[in-house]
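Everything on this sheet refers to the single structure shown next.
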Amino acid sequence: MDKSDATLERMRSFVRVAERGSLSAVARELGVGQSTVTRHLRELEDAVGVPLLSRTTRRVTLTDEGRRYYANAIQILRLVEQAADEARGTRGAPAGTIRISCTAAFGVLHVSRLIYAFQDRYPDIGIDLSLTDERVDLVREGVDIALRLGPLTDSSMKLRPLGHSRRLMVAAPAYLAARGTPSVPQDLSGHEGIRMSNIAGSDIIALQAADGEHHAVPFGGNFRVDHGLAAREALVAGRGIAPAHRWLVDDLLAAGRLEAILPNYSLPPVPLSMLIIPDRADIARVRLLVDFLAEQIGGIPGIERPRPGR
């Protein structure tokens, strides 16, 4: 097989298999049969003349030659995509697909609406939105941009701080009528709490008084959940008290279906950040969405933009 048969299609299949470690997962992602991905890999290895992948019954891994080829293939594919972007730019119509990962409840309630507005502005750009609270491997999952709440440790990604998400203690009026309204943090220990099972330390509520005094109060309850929308429903159903992001409950507070409690005490805000895959950051359509989200997210209830110079 001639070296010219190392086609972009085969190269893309190889790159995704190298990142995901699974032929079946890549086949599902690309919408083709696993036999097609297998054929792409075999033909690519025939074209370059060396084995690029080591296959076992459980996993596919890169050979030494494969690791070197992967690094070069990433650069080639990026240049090809940038060239296509520049060509499309001459007619002023950005196109292609962007893959986004977003914290689930935040994505359902707010980010999806921003994406609708973005696509109204750029109708030729497709969006693949993945909603999860898990800290997934963005490269492995083929993600371009991720929106994440909480502290981040992945230094290999480009980080764009979007601000902080303010939180407050809330409960349904019916619950408070039946159980009483806490007036100081220590009162929480006698109440039913709705806790997030996927957040470390949710059994302690940290509050700060207006005078700066800090309070750490044990927080228990019979209902734990790992999804923000389920916590929202539990609050409305009067199952207890919970710390909630303002963007999660703002409409319910306005409608009187929830009430804020302990108004003289504040919860620590949570960082909101955008992660961008470095190899995708210079693609025109990705830059457009990054700038659009950074501009629009500050209008979501409870999101405080970063201070200038920070």
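The values are calculated or read from the model by the stated rules, or taken from the named source; none is laboratory data. Nothing here was measured: the structure is a model prediction, and the numbers come from that model. Please note: Cβ atoms are built from the backbone with ideal geometry, for glycine as well, and neighbour counts cover all protein chains shown. Ligands, DNA and RNA are stripped out before the accessible areas are found, and what is left, the full protein with its side chains, is counted by its heavy atoms. Shrake-Rupley method; radii C 1.70, N 1.55, O 1.52, S 1.80 Å.
What does the accessible area per residue of the chain come to in Å², with a 1.4 Å probe and no ligands, DNA or RNA counted?
Details: 15920 Å² over 310 residues.
That works out to 51 Å² per residue.
Pull up all non-local amide H partners of Gly163: gap of 5 or more, or a different chain, and H-to-H distance under 5 Å with H placed in the peptide plane.
Leu272
Work out the FRET efficiency for Thr63 and Arg12 from their Cβ-Cβ distance, taking R0 = 30 Å, and round it to the nearest 0.05. All intermediate terms of the calculation are to be shown ahead of the outcome.
Working: r = 19 Å, r/R0 = 0.63.
That gives a FRET efficiency of 0.95.
Whole-Hz ³J(HN,Hα) for each residue in region 162-170, computed from phi via Karplus 6.51 cos²θ - 1.76 cosθ + 1.60 with θ = phi - 60°, x for glycine and proline: what do you get?
My calculation for region 162-170 gives 9, x, 10, 9, 7, 10, 8, 8, 9 Hz in order.
For the residue pair Ser24 and Glu259, what label-to-label distance in nm results when each label sits 7 Å from Cα along the Cα-to-beta-carbon direction?
The two pseudo-label positions are separated by 5.3 nm.
Which value, in debye to the nearest 20, gives the size of the charge dipole of the chain about its Cα centre, when Lys and Arg are +1 and Asp and Glu are -1 at the Cβ?
160 debye
Determine how large the accessible area of Ile276 is when every protein chain is in place; take a 1.4 Å probe and give Å² rounded to the nearest 10.
10 Å²
Which value results when the Cα radius of gyration for region 170-215 is divided by 2.2 N^0.38 Å?
Values: Rg = 12.1 Å, N = 46, 2.2 N^0.38 = 9.4 Å.
Taking the Cα Rg and dividing by 2.2 N^0.38 Å, one obtains 1.29.
Any idea what Rg and Dmax come out to for region 17-59 if you just take the C-alpha atoms, in Å?
In order Rg, Dmax, the Cα atoms of region 17-59 give 10.3, 28 Å.
Once label points are set 7 Å from the Cα along Cα→Cβ at both Ala71 and Lys158, what is their separation, rounded to one decimal in nm?
Output for this residue pair reads 2.1 nm.
Just round it to a whole percent: the fraction of Cα-Cα distances in region 96-232 exceeding 26 Å.
Numbers: 3776 of 9316 pairs.
Value for region 96-232 (Cα pairs over 26 Å): 41 percent.
Might you report the magnitude of the Cβ-based charge dipole of region 153-281 about its Cα centre, with Lys and Arg at +1 and Asp and Glu at -1, to the nearest 20 debye? All intermediate terms of the calculation are to be shown ahead of the outcome.
Numbers: 12 positive and 12 negative charges, 61 e Å.
The dipole magnitude comes to about 300 debye.
Taking amide H positions as placed 1.01 Å from N in the peptide plane, with prolines and chain starts having none, which residues 5 or more places from Asp128, or on another chain, fall under 5 Å of its amide H?
The answer is Ile98, Arg99, Ile100.
Spelling out what I want: for every residue of region 16-33, take phi, set θ = phi - 60°, compute 6.51 cos²θ - 1.76 cosθ + 1.60 (Karplus), and round to whole Hz; glycine and proline get x.
Once θ is set to phi - 60°, the couplings for region 16-33 become 5, 5, 4, 7, 9, x, 8, 5, 5, 5, 5, 4, 5, 5, 8, x, 10, x Hz.
Return the carbon/sulfur percentage of the accessible area of the chain, one whole number, probe 1.4 Å, all protein chains in place. Spell out each step's value before the answer.
Numbers: 7780 of 15920 Å².
Exposed carbon and sulfur together represent 49 percent of the surface.
Taking every eigenvalue of the Cα gyration tensor of region 37-155, multiplying by 5 and rooting it, what semi-axes result, largest first, whole Å? Mind showing how you got there, number by number?
Working: eigenvalues 204, 100, 30 Å².
Three semi-axes, in Å: 32, 22, 12.
Just to verify a number: FRET efficiency for Ala174 and Ala230, C-beta to C-beta distance, R0 = 22 Å, to 0.05?
Details: r = 19 Å, r/R0 = 0.85.
FRET efficiency, Ala174 to Ala230: 0.75.
Estimate the FRET efficiency between Ala209 and Arg135 by the formula 1/(1 + (r/R0)^6), using the beta-carbon distance for r and 30 Å for R0, to the nearest 0.05. Walk me through the numbers on the way to the answer.
Working: r = 33 Å, r/R0 = 1.09.
Taking R0 as 30 Å, the efficiency between Ala209 and Arg135 is 0.35.
Work out how much length Asn222 to Asp187 would gain on full extension: take 0.36 nm times their residue separation and subtract the Cα-Cα distance, in nm to one decimal.
Working: separation 35, 0.36 × 35 = 12.60 nm, distance 1.73 nm.
10.9 nm is the gain from fully extending Asn222 to Asp187.
If you split all Cα-Cα distances of the chain into 20 Å bins from zero, what percentages do you get per bin, shortest first?
Cα pair-distance distribution for the chain, in percent: 28, 46, 23, 3.
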